[in-house]
1. Scan region C:149-162 residue by residue and report those that are open to solvent by 10 Å² or more (accessible area, probe 1.4 Å) and either within 7 Å of chain A (Cβ to nearest Cβ) or closer than 20 Å to C:P13 by Cβ (or both).
2. Considering only residues that are out of contact with any Leu (no Cβ under 9 Å at 6 or more places or on another chain) and either among the β-branched types (V, I, T) or open to solvent by 30 Å² or more (accessible area, probe 1.4 Å) (or both), which ones fall in region A:204-221?
3. Can you confirm whether B:V35 is closer than 15 Å to B:V222 by Cα and in contact (Cβ under 8 Å) with a residue 60 or more places away in the chain?
4. Taking region B:130-171 as the region of interest, how many residues are open to solvent by 10 Å² or more (accessible area, probe 1.4 Å), away from chain A (no Cβ under 11 Å), in contact (Cβ under 8 Å) with a residue 12 or more places away in the chain and in a helix (DSSP H, G or I)?
5. Just one of C:V43, C:V35, C:V20 is more than 14 Å from chain A (Cβ to nearest Cβ), open to solvent by 60 Å² or more (accessible area, probe 1.4 Å) and over 15 Å from the mean Cα position of the chain (by Cα); which is it?
6. Which one of the conditions (1) more than 30 Å from A:V101 (Cβ to Cβ); (2) hydrophobic (A, V, I, L, M, F, W, C); (3) open to solvent by 10 Å² or more (accessible area, probe 1.4 Å); (4) more than 14 Å from every other protein chain (Cβ to nearest Cβ) does C:L168 fail to meet, given that it meets all the rest?
7. So which residues in region C:85-127 are outside any helix (DSSP H, G or I) and either on the phi < 0 side of the Ramachandran plot or modelled with pLDDT of 95 or more (or both), if there are any at all?
8. So, in region A:188-203, of the ones that are outside any helix (DSSP H, G or I) and in contact (Cβ under 8 Å) with a residue 24 or more places away in the chain, which residue ends up most open to solvent (accessible area, probe 1.4 Å)?
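The values are calculated or read from the model by the stated rules, or taken from the named source; none is laboratory data. Note that this is a predicted model, so its numbers are computed, not measured. We place every Cβ from the backbone using ideal geometry, glycine too, and count neighbours over all the protein chains shown. Accessible surface areas use protein heavy atoms only, side chains included; no ligands, DNA or RNA. Shrake-Rupley method; radii C 1.70, N 1.55, O 1.52, S 1.80 Å.
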Amino acid sequence: MGIPTLVAMLVAALAVIGVLSFREEYSLFVPGLLQGAVLTLQIAVLGSLLAVVMGVLAALARLYGPAPLRWLATVYVEIFRGTSALVQLFWLFFVLPQFGVTLDAFPVAVLALGLNVGAYGSEVVRGAIQSVPRGQWEASTALNMSRPQMLRRIILPQAFIAMIPPWGNLFIELLKSTALVSLITLSDLAFRAQQMNQTTLKTVPIFTLVLLMYLVMSLAITIVMRLLERRASLGLARGRAA
Amino acid sequence: MTDQPMVRFDNVSKRYGPLTVLDGLNLDIMRGEKVSVIGPSGSGKTTVLRMLMTLEKINDGVIWVEGEPLTHMERNGKLVPADLAHVRRVRGKIGMVFQSFNLFPHMTAMQNCIEAPVTVLGMKRAEAEARAAELLGMVGLSQKKDHYPSQLSGGQQQRVAIARALAMRPKIMLFDEVTSALDPELVGEVLQVIRQIGREHDLTMLMVTHQMGFAREFSDRVCFFYQGKICEQGPPAELFGAPKNERTRQFLNAVLEAG
Amino acid sequence: MIWDWAFALEILPTLARAAVVTVQATLLGFVIAAVLGLVLAVVRIAVPATAWTISVLVELIRSTPLLIQIFFLYFVFPKFGIVLDAFTAGVLAIGIHYAAYCSEVYRAGFDNIPRGQWEASIALNLSAWTTFRDIIIPQAVPPVVPALGNYLVALFKETPLLSAIAVLELMQTAKIIGSETFRYTEPITLVGVFFLVMSLISAALIRLIERLLNRRILR
């Protein structure tokens, strides 16, 4: 879908939320859900930051690290990709305290989601680095650059562009996964929906609003990432193959 | 010390698995000498350049640059494989231009030319820019300094690549089939630049080329490679005018007929 | 003692029974996803008027959390007089969610069929139905099997969400064990190990299928 369509959908979703919030059976729920949405956003943003950091570190460790570090990064990636996000969340929430590490639900949520998505992200980063043509490495070698210089100045800036679309997808996955934190007592959007539903049984209005709010956040992420991609590839994409 | 070779390949071999690409190569290149390497594809000629640039590891022998080992270093009077610091110190004397340009697509022509001088040589930015502007002027691209590679023609990209390599002040320049990826009408402008730097800079030059006319006119010596060995070498007038070896004759005939 | 082997062994049979539910949910969910996804992808091409609606629908499903969709189906059906048990509602939600992803996979497969195949089918006067059944689908689906396989694994890893509506699959069973015994380490770790082992095996299988397919296509 093109950016205009996405923007149109975003505007439409916002408009529907706006219109609905003037109707009595909906307006009741709007303030509480918005509060939940704020928490959802906080977890999503912090989780995404952690995911990017972990993704880059794990990818670099797997590609260029010494053997023990490489091994550690591989174990991290395989475990977090191989088990499910909810299992990881519960493990950190219920099992860590038995090892004497007790964290609040909020840091556990950020940690679990960030580590989970970071594991997928490391594959994205790795793939993007490997997609930079060999000639770029060779030219940097011929200019006598050091490994870190090559990575920082030549390879990563180019890999960055290839990373934007898959990271966009991962950020959306992370946003959607934030709903899981409702199961460890955090009152995010999903938690509030569930709670309101139990007390009022007004399933349709509540869940319509909630789905629309998630949709708005997802669309916003998609649009921002598309714009970023377009900006980053300016002047670059056209003659790359020539 | 002037008669010490700038580059010496001492019994250098390169193998890929069972395939021997270069077989005991011995080749001396003197200071300021312009050497062309010709030969059929698969004869190992590009490998010679790539080994000297340290893009390929060698399996046997030693490569020397200005009397100093490149692939090895001396320790307790013995030659041991070089570590990265040693390689980087010696490799700094060498610059290379590639068939596929390999400009950095996310940097302008100017940025391409100052990147390594600033990060590797630690040059001041202003100084690097002044030098790059001079070099871009020499290759005729002063107007294009703020263009990205994607906005330049192949010939222009290759000229930027030449300026970029020269910006590192190498003593030795390697040209690896630098006109092969160009449309025919753009070949001339690149060869013109190479001619000019051959005249104006005190450089030792080693080039792999399919441009026989250029090799004949420009080089001091031509080496004909065949199946991983130097089959025949000599001044261009001799090698092109009266090749002694049957393989050389066959190759030159085939190339001349095609061209 | 942090890890109690005796306790772990004791709960293993209970978890194994729950694992059967997890596997059932995975397979049923994936059948729905694979079939419904194919239907969506075919309808999209066969009836161009639906293309826009379907792509918006797919976008909607993919942009919102599966957990919310599970809740929604589970609670909204009774409003229309249809009472679904938690397992059915949950599996249906998972199936529909992944159908949206699968439809995009099939779409990519269809996009890779050369125009000439469609044109030849028209030239042979094949009906739309025959064209899809005999010409397009047999060519388009095998290359996307690995991609579908990846979604099978992803779907499998999302089945713990069913615990939120109290389906007695692995995660829910582990939580119940935990709340009854106040020992969470063993049940939750065992669940994690189960998922890890199954995922690694599936990943290896998908790579194998990929190799076989490549060989077949290259030949």
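1. Of everything in region C:149-162, those that are open to solvent by 10 Å² or more (accessible area, probe 1.4 Å) and either within 7 Å of chain A (Cβ to nearest Cβ) or closer than 20 Å to C:P13 by Cβ (or both) turn out to be C:K157, C:E158.
2. Correct list: A:V204 only.
3. Judged against the criteria, B:V35 is a match.
4. Result for region B:130-171: 5.
5. C:V20
6. With (1) more than 30 Å from A:V101 (Cβ to Cβ); (2) hydrophobic (A, V, I, L, M, F, W, C); (3) open to solvent by 10 Å² or more (accessible area, probe 1.4 Å); (4) more than 14 Å from every other protein chain (Cβ to nearest Cβ) applied to C:L168, the lone miss is (1).
7. Selection gives C:D85, C:N112, C:I113, C:P114, C:L124, C:L126, C:S127.
8. A:K202
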